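To start, the structure under review is shown below, and the notes come after it.
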Amino acid sequence: MADWGYVAIDKSGKEIKGSTQGNSEEQITRELKNQGLIVLEVTEQNAMTRDINIDFGGAPTPRDLGVFCRQFSSIMRAGVTIIDALNMLAEATENKKLQTALYAVRADVEKGETFGDSLAKHPKVFSELMIQMAKAGEASGSLEISMERMATQFERSAKTKALIKKAMIYPIVVMIVAVAVVIVMLVVVIPSYMEMFEQLNTELPGITLMVVAMSDFIQSYWYILVPVIIAIVFAVKTFAGTYMGKHVFGKLQLKIPAISNLVVKSASALMARTLSTLLSAGVPLIEAVDIVSDTMTNIWFKEALKDAVQEIMVGAPLSQPLRSSGLFPPMVYHMIRIGEEAGSTEEMLDKLADYYEEEVELAVQSLMAAMEPAIIIVLAGIVGLLIGAVLAPMVTMYSALDNL
């Protein structure tokens, strides 16, 4: 089968673009017309055109998917068919990638494929968690309930990520401002005082000599300094994506006191909420833990859950490998153990998720409260150092005049 790109007009009059597979142009045109589309163009794609045909639209965010799942569940409860629901939501969504994927999912469902299998064809749009929830919901006849749970999952995930981003924005902005101030001081302010320093005919203080040397270096070798900084940033980013880099930076996150508390609590909240969502939909524990491991952003937590899968397969309860990992707080594995013994693991996971989501919010607030004065002090110290370098020769000069 060949790859085909198409341009068509949907029922609402909007022009849409997409790609599909088929044996001939006639087959693709016929299938698109059967979907209620007015076909404008169908062209066969090769490796060159596939590489050039880049979609610059952003991937749907957890909030986008949360809205989709919530609306999908509500529409399904109203008795609307899956095909009509997908068509309505595809027309309503503003995210182009999600819209294109929903049209494709609708077409696959019309052909007789299951909703879960249709979602699985778009792994860059729909997460493995959502795909498995859809499959479990279809198997149990409770698809709308599964989608409602996924909506809650996405909404909580979006809230947690927003809190963490909020904590990071302030120090990043202040850091950028600090760098900009230092550059302006060294490139503009300090050179304007250079002539005055030379006319003093006195030995400059060490702090002034250091700052002047830095100013001269930046002005003389900026064309070397800028590429070096870019190369270092690129190298660090590349290293962070490697197997070793993920372990190094993951360990740093757990060792730095200022952020380790936030990292552990956010990982615990994500693990508990996601695992509870999967288990409540009927996904087997082993498969659920494996899926949860793929949602972890820190590789140490990811590997701890991968190891837990292996131990569960030989009969160990989930609480045992979580405790052995040494990564999760005691409350996590103690409450899971209680849930396992009482047969209420899902309920305990829900309580854990609620608790640690609140803890993440408190940890973010505490982190911001601690960072704000620390950053201000550091910024004041840097600016004070530069101002001191400018004022020190003047103080020396006035002292010499007083002694005359």
- Give the ranking of 291, 230 by solvent-accessible surface, highest area first, calculated with a 1.4 Å probe. 230, 291
- Message: Between 0 and 90 degrees, rounded to the nearest ten: what's the tilt of helix 330-342 against the longest Cα principal axis of the chain?
- Response: 20
- Mean accessible area per residue over the chain (1.4 angstrom probe, all protein chains present, square angstrom) is 55
- Evaluate the Kirkwood expression for the hydrodynamic radius of the chain, namely the inverse of the mean inverse distance over all pairs of different C-alpha atoms, and round to one decimal in Å. 26.0
- Message: From the protein chains alone at 1.4 Å, what is the descending order of accessible area for 319, 192, largest first?
- Response: 192, 319
- Message: Need the full-extension length gain, residue 314 to residue 142, defined as separation in residues times 0.36 nm minus the C-alpha distance. One decimal, nm.
- Response: 58.8 nm
- Task: Set the Förster radius R0 to 30 Å, insert the Cβ-Cβ distance between residue 351 and residue 59 as r into 1/(1 + (r/R0)^6), and round the FRET efficiency to 0.05.
- Result: 0.40
- Task: Indicate the gyration tensor shape class of segment 103-241 (rounded, prolate or oblate), computed on the Cα atoms with a ≥ b ≥ c the square roots of the eigenvalues: a/c under 1.5 is rounded; otherwise a/b larger than b/c is prolate and the rest oblate.
- Result: prolate
- Task: Run the numbers on segment 299-404 and let me know its relative contact order in percent, using alpha-carbon pairs under 8 Å that are six or more apart.
- Result: 13
- Message: Suppose a student asked you for the relative contact order of the chain, using Cα pairs under 8 Å spaced at least 6 residues apart; what percent would you report?
- Response: 14
- Note on the structure: Cross-link reach from residue 96 to lysines, straight Cα distance under 26 Å and at least 8 residues apart if same chain, gives 11, 14, 17, 33, 111, 121, 124, 135, 159, 161, 165
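The values are calculated or read from the model by the stated rules, or taken from the named source; none is laboratory data. Model, not experiment: these values are computed from the prediction. Every residue, glycine as well, gets a Cβ built from its backbone with ideal geometry; the counts of neighbours run over all protein chains shown. Surface accessibility is based on the protein's heavy atoms, side chains included, excluding ligands, DNA and RNA. Shrake-Rupley method; radii C 1.70, N 1.55, O 1.52, S 1.80 Å.
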